[in-house]
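The values are calculated or read from the model by the stated rules, or taken from the named source; none is laboratory data. All values derive from a computational prediction rather than experimental measurement. Cβ atoms come from the backbone with ideal geometry, glycine included; neighbour counts cover every protein chain shown.
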Amino acid sequence: MSVSIGAVHLDQNGFTLLLEEHERAILSDLAVQLIEVLEDPTDPVSERLYPDAYPEDAEASAEFRRLTRGDLDDARIHGARLLADTIPADPAPALSRADAETVMRALGDLRQVLAERLSITTQTPEADPEEPLTGLYDWLGYIQESLVLALVRGDEESGRLAKS
């Protein structure tokens, strides 16, 4: 099997992002910036990435955060490092399924950061089209969607999904 879905090529070697050199450099730079955001608990985007589990109970919310924040930080930083370290390579490496899933989550984290910077919320789902970050937000969404579709296609090809 060999198929290209949007920005992803899927074959027996794995999932390869079909990005130009400058696009890989941008993505790597964004991943490094994401690590900086994740390592700064005072950044306002932290509230977006780690919402209160119990908004009506500050004590329970603090306890939940204490029990889960470290693992969540580790997973997010791992995903950002994977992006920063592997994506700029030329030729682009084929990612394993596990790494493709990690990259997909890291792209979601990047989009959450940009959504916060662009003030995109459920009440205001559209960003200003003139804002340069809006194009970046949309581009990351395209890559993320391509990965999701390629992962589903990989599942279908390997017979892991139930047949309808």
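In this structure, L49 does satisfy being surrounded by 15 or more Cβ atoms within 10 Å (Cβ to Cβ) and either modelled with pLDDT under 95 or among the polar types (S, T, N, Q) (or both).
When each of A98, A89, A84 is tested for being surrounded by 13 or more Cβ atoms within 10 Å (Cβ to Cβ) and either among the small types (G, A, S) or modelled with pLDDT of 95 or more (or both), the lone residue that passes is A84.
Among the residues of the range 52-70, those that are surrounded by 12 or more Cβ atoms within 10 Å (Cβ to Cβ) and either out of contact with any helix residue (DSSP H, G or I) (no Cβ under 8 Å at 6 or more places or on another chain) or more than 20 Å from G108 (Cβ to Cβ) (or both) comprise Y54, D57, A60, S61, A62, E63, F64, R65, T68, R69. When the residues of the range 11-23 are filtered to those that are part of a helix (DSSP H, G or I) and either among the acidic types (D, E) or under 14 Å from the mean Cα position of the chain (by Cα) (or both), the one that is surrounded by the fewest Cβ atoms within 10 Å (Cβ to Cβ) is E21.
Checking the structure you have, find out if any residue of the range 122-133 is buried (at least 18 other Cβ atoms within 10 Å of the Cβ) and either in contact (Cβ under 8 Å) with a residue 60 or more places away in the chain or not in a helix (DSSP H, G or I) (or both). Yes, that holds for at least one residue.
Condition check: in contact (Cβ under 8 Å) with a residue 12 or more places away in the chain, part of a loop (DSSP other than H, G, I, E, B), over 26 Å from Y50 (Cα atoms) and touching a strand residue (DSSP E or B) at 6+ places or on another chain (Cβ under 8 Å). Does P93 satisfy that? Break it down into steps so the answer makes sense when it comes.
Details: in contact (Cβ under 8 Å) with a residue 12 or more places away in the chain: yes; part of a loop (DSSP other than H, G, I, E, B): yes; over 26 Å from Y50 (Cα atoms): yes; touching a strand residue (DSSP E or B) at 6+ places or on another chain (Cβ under 8 Å): yes.
The answer is yes for P93.
Being part of a loop (DSSP other than H, G, I, E, B), β-branched (V, I, T), under 18 Å from L10 (Cβ atoms) and out of contact with any Pro (no Cβ under 7 Å at 6 or more places or on another chain), is that true of even one residue in the range 103-117? I'd like the intermediate steps shown before the answer.
Quick first cut of the range 103-117, residues part of a loop (DSSP other than H, G, I, E, B) only: none.
No: the range 103-117 contains no residue that is part of a loop (DSSP other than H, G, I, E, B), β-branched (V, I, T), under 18 Å from L10 (Cβ atoms) and out of contact with any Pro (no Cβ under 7 Å at 6 or more places or on another chain).
Among residues of the range 65-80 that are modelled with pLDDT of 90 or more, those with a Cβ under 8 angstrom from a residue that is loosely packed, with under 13 Cβ neighbours inside 10 Å, sequence gap 6+ or separate chain, pair up as I77/E39.
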